[in-house]
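Q: Dropping a structure here in structure tokens format, bear with me for questions.
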Amino acid sequence: MSDSPLLTRRPEWTALEDHRAEGLTQLRELFADDPGRAERYVVRVGDLRIDYSKHLITDETLALLQELAAATDVFGLRDAMFRGEKINLTEDRAVLHTALRASRDAVVKVDGENVVPQVHAVLDKMSDFAGRVRSGEWTGHTGKRIRNVVNIGIGGSDLGPAMAYEVLRPYTARDLTFRFVSNVDGADLHEATRDLDPAETLFIVASKTFTTIETITNATSARSWLLEGLGGDDKAVAKHFVALSTNAGKVTEFGIDPDNMFEFWDWVGGRYSYDSAIGLSLMIAIGPDRFREMLDGFRIVDEHFRTAPAEANAPLILGLLGIWYGNFLGAQSHAVLPYSHYLSKFTAYLQQLDMESNGKSVQRDGRPVDWQTGPVVWGTPGTNGQHAYYQLIHQGTKVIPADFIGFARPVGELSDELKAQHDLLMANFFAQTQALAFGKTPDEVRAEGVPEELVVHKTFKGNHPTTTILARELTPSVLGQLIALYEHKVFVQGAVWNIDSFDQWGVELGKVLAKRVEPALTEGADVPGLDASTAALVAAYRELKEV
Ligand code: F6P
């Protein structure tokens with residue numbers, strides 16, 4: 001047991017509590033007193049311009065938060081991560097997603113061995129394979145070229161490539177079809193394959209462990225679909241199935257040739273893995289060069305996080321702002337609101353990254369926490385959200401810090417008319433953060449001639465905090481930069497909260513129980529130890545199934 005002080009008893013923590021107790025200034029006043037904050041509270045990293053001026057903070061707040069980061073040795077843990085130390089304590093593993101984008105000549109050691117050559121060997125193997133699929137050189141069992149790629153995986157083995165494929169759609173080979181199957185609901189695989197020709201379809205089975213029941217079940221059904229469509233010859237599997245995994249034994253057991261396996265390693269967490277072999281479907285879609293551009297983007301932010309001083313370190317600042325709201329202002333959630341159609345799956349991806357990492361209530365040394373940890377992360381593309389849930393952000397009762405992500409230029413082969421819509425999109429983007437920050441006073445409402453009884457309804461208190469992340473264009477590199485920014489932000493928060501951001505024991509119980517309950521549903525078997533509520537539900541299910 002560690003005898004380090006509990007977080008909430010640290011003087012740096014209580015100093016923040018005292019600071020909070022002094023009351024919050026209104027953003028209107030903060031800007032009136034100090035218009036310079038619009039330029040001062042901006043941090044640039046790579047192509048990202050990150051504006052945090054519309055936060056409920058002063059220089060003093062920032063200084064106190066930085067003192068908390070120093071006291072909890074965030075940078076010490078960061079350096080241990082980059083050095084390859086086993087900072088994932090409960091699984092006794094290094095945490096080295098940063099090695100996945102290290103340059104060829106870098107040296108990153110795990111247990112004394114430089115892992116960078118292995119990383120690049122797999123990237124080269126992926127590039128070769130992706131090139132062959134894209135050119136048509138890799139053909140299916142009947143000699144037809146591959147036209148459809150179906151990635152089967154779940155969690156980190158699905159969300160990353162599925163999200164990045166959407167984000168980078170303008171860069172994808174439009175003559176290929178990509179689908180992503182994750183749900184063990186048979187409808188997912190059915191809808192993904194119903195209009196495909198098996199002779200032209202490549203399945204990528206993505207599973208770090210290769211034991212995840214949803215993925216193995218879907219992969220088994222995909223194999224049946226393929227063999228049925230191709231006349232039952234088992235040899236077809238070799239041309240239509242590849243695996244992405246750390247578990248060569250299980251891959252072989254499944255019937256996939258180890259030559260068709262793209263490896264990664266136990267020091268890559270599932271939710272940090274889409275820039276590993278798990279990104280093969282994406283690489284086929286955008287090509288090896290674009291994939292490497294994306295890795296370069298990740299590396300820009302890795303280097304920034306590793307070397308930038310605390311006061312100009314973007315992931316540190318964003319992480320600390322989240323701590324300010326979650327631990328001192330009662331925020332329970334964090335909205336991520338991209339103003340780009342292509343980022344439609346971005347927030348869903350961040351949900352796993354953030355909530356699986358920091359949804360913990362035990363410290364690294366096993367003691368319980370008595371402070372809030374990871375927030376509920378949510379959001380969808382901004383303009384759609386404006387006509388759905390923004391009402392609650394503007395006039396509801398909750399504290400909801402939000403990230404607004406937008407771009408100066410549209411991407412893709414849009415017509416001039418559609419390109420011109422971009423300014424309207426971004427007008428909404430800027431208008432929303434303005435309205436959230438500064439609201440509308442009763443006097444301003446009255447000045448518009450609003451009847452007195454409606455003034456209170458049409459008043460906006462404002463003071464809703466937002467970060468504005470702006471870049472010129474949504475390129476592969478910019479995507480890598482954004483993801484690395486959030487990865488390291490999550491890291492910072494886990495470090496301050498003293499939790500292990502790299503395990504996920506919370507998802508294990510459900511998996512074990514599902515395996516125990518399944519025989520009761522399929523064979524009507526008794527499940528020993530089933531609680532009364534679940535037993536009644538299972539009985540009702542069986543009855544309904546029979547009717
Ligand atoms: O949801 C739990 C989890 O272990 C995730 O962390 C992981 O991304 C996902 O399941 C899939 O695991 P695998 O890649 O081993 O199939």
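The values are calculated or read from the model by the stated rules, or taken from the named source; none is laboratory data. Note that the structure is predicted; figures quoted are calculated from it, not measured. As a convention, Cβ positions derive from the backbone with ideal geometry for all residues, glycine included, and neighbour counts pool all protein chains shown. These area figures cover heavy atoms from the full protein model, side chains too; ligands, DNA and RNA do not enter into them. Shrake-Rupley method; radii C 1.70, N 1.55, O 1.52, S 1.80 Å.
Q: Say the dipole of the chain comes from +1 at the beta carbon of Lys and Arg and -1 at that of Asp and Glu; which of Asn384, Asn88, Leu27 then lies farthest toward its positive end?
A: Of Asn384, Asn88, Leu27, it is Asn384.
Q: Give me the distance in nm between label points sitting 7 Å out from Cα along the Cα-to-Cβ direction at Gln395 and Arg516, one decimal.
A: If labels sit at Gln395 and Arg516, their model points lie 4.9 nm apart.
Q: Each residue of the stretch 151-160 in turn: what ³J(HN,Hα) in whole Hz from Karplus with 6.51, -1.76, 1.60 and θ = phi - 60°, glycine and Pro shown as x?
A: 8, 10, x, 9, x, x, 8, 10, 4, x
Q: If the chain between Ser135 and Ala408 were fully stretched, how many nm would it gain, using 0.36 nm times the residue separation less the Cα-Cα distance?
A: Here the answer is 94.9 nm.
Q: When ligands, DNA and RNA are left out and all protein chains stay put, how many square angstrom of accessible area per residue does the chain have with a 1.4 Å probe?
A: 43 Å²
Q: Taking 25 Å as R0, compute the FRET efficiency from the Cβ-Cβ separation of Asp79 and Val507 and round it to 0.05.
A: According to the calculation, E is roughly 0.30.
Q: Okay, next question. Need the C-alpha centroid separation for the stretch 392-434 versus the stretch 25-74, integer Å.
A: Using only Cα atoms, the two centres lie 22 Å from each other.
Q: Also, quick follow-up: Need one word for the stretch 360-509: rounded, prolate or oblate. Basis is the Cα gyration tensor (sqrt eigenvalues a ≥ b ≥ c); a/c below 1.5 gives rounded, then a/b vs b/c decides.
A: Here the stretch 360-509 falls in the oblate category.
Q: Could you list, in their original order, any pairs among Lys360/Lys398; Lys109/Lys250; Lys239/Lys545; Lys125/Lys515; Lys109/Lys235; Lys125/Lys419 whose Cα atoms are separated by more than 30 Å?
A: Correct reply: Lys239/Lys545; Lys125/Lys515; Lys109/Lys235; Lys125/Lys419.
Q: Taking loop as defined by DSSP and a crowding limit of 13 other beta carbons within 10 Å, which trypsin sites (Lys or Arg not before Pro) in the stretch 219-272 fit?
A: Within the stretch 219-272, the qualifying trypsin sites (Lys or Arg not before Pro) (loop, at most 13 other Cβ atoms within 10 Å) are Lys235.
Q: Then there is this: If one computes the Cα centroid of the stretch 279-337 and of the stretch 182-235, what distance in Å separates the two points?
A: Answer, in whole Å: 33.
Q: Sticking with this structure for a sec: Can you tell which of His141, Ile204, Leu189 lies farthest toward the positive end of the dipole of the stretch 97-227, using +1 and -1 charges on the Cβ of basic and acidic side chains (Lys, Arg; Asp, Glu)?
A: So the residue furthest toward the plus end is His141.
Q: Rounded to the nearest 500 deg cm²/dmol, what is the calculated helix-only ellipticity per residue at 222 nm for the chain, with -39500 (n - 2.57) per DSSP H run of length n ≥ 4?
A: About -14000 deg cm²/dmol.
Q: Moving to a separate point now. What ranking do 71-79, 460-468, 321-329 get when scored by the average of other Cβ atoms within 10 Å per residue, highest first?
A: Taking the mean over residues of other Cβ atoms within 10 Å, the ranking is 321-329, 460-468, 71-79.
Q: If each residue of separation counts as 0.36 nm, what is the full-extension length gain between Glu17 and Thr383 once their alpha-carbon separation is subtracted?
A: Roughly 128.2 nm would be gained on extension.
Q: I need the shape label for the stretch 43-100. Rule: rounded when a/c is under 1.5, else prolate if a/b > b/c, else oblate, with a, b, c from the alpha carbon gyration tensor.
A: It is oblate, given that a/c is not under 1.5 and a/b is not larger than b/c.
Q: Suppose every Lys and Arg Cβ carries +1 and every Asp and Glu Cβ carries -1, with no other charges. What dipole size does the stretch 411-460 come out with about its Cα centre, to the nearest 20 debye?
A: Dipole size: approximately 180 debye.
Q: Can you tell which of Pro11, Ala285, Gln118 lies farthest toward the positive end of the dipole of the chain, using +1 and -1 charges on the Cβ of basic and acidic side chains (Lys, Arg; Asp, Glu)?
A: In the chain, that residue is Ala285.
Q: At Thr209 and Ala420, where each label point lies 7 Å from the Cα along Cα→Cβ, what is the point-to-point distance in nanometres?
A: 5.5 nm
Q: If you count, for each residue, the other Cβ atoms within 10 Å and average over each peptide, how do 410-417, 394-401, 80-87 line up from highest to lowest?
A: Those peptides, ordered most packed to least, come out 80-87, 394-401, 410-417.
Q: A follow-up question, please. Sort 509-516, 425-432, 372-379, 36-43 by packing, meaning the average of other beta carbons within 10 Å per residue, with the highest value first.
A: Final packing ranking: 372-379, 425-432, 36-43, 509-516.
Q: Using the Cα centre of the chain as the reference point, and only Cβ charges (+1 on K/R, -1 on D/E), how large is the resulting charge dipole? Debye, rounded to the nearest 20.
A: 600 debye
Q: Check which residues have an amide H placed less than 5 Å from Val205's amide H, if you skip close sequence neighbours.
A: Ile152, Val242, Ala243, Leu244
Q: When a/c is below 1.5 the answer is rounded, else prolate if a/b is larger than b/c, else oblate, so apply that to the stretch 125-167 with a ≥ b ≥ c taken from the square roots of the Cα gyration tensor eigenvalues.
A: prolate
Q: In nm, to one decimal, how far is the modelled label at Phe460 from the one at Thr217, with both set 7 Å along Cα→Cβ?
A: Distance between label points: 4.6 nm.
Q: Accessible area of the stretch 39-121 with a 1.4 Å probe: how many percent of it is carbon plus sulfur?
A: Carbon-and-sulfur percentage of accessible area, whole number: 49.
Q: With no solvent and one equal point scatterer placed on each C-alpha of the stretch 1-155, evaluate the Debye formula and give log10 I(q)/I(0) for q = 0.09, 0.11, 0.20 Å⁻¹, two decimals.
A: The Cα Debye sum returns log10 ratios of -0.62, -0.81, -1.24.
Q: Follow-up. Determine how large the accessible area of Val184 is when every protein chain is in place; take a 1.4 Å probe and give Å² rounded to the nearest 10.
A: 80 Å²
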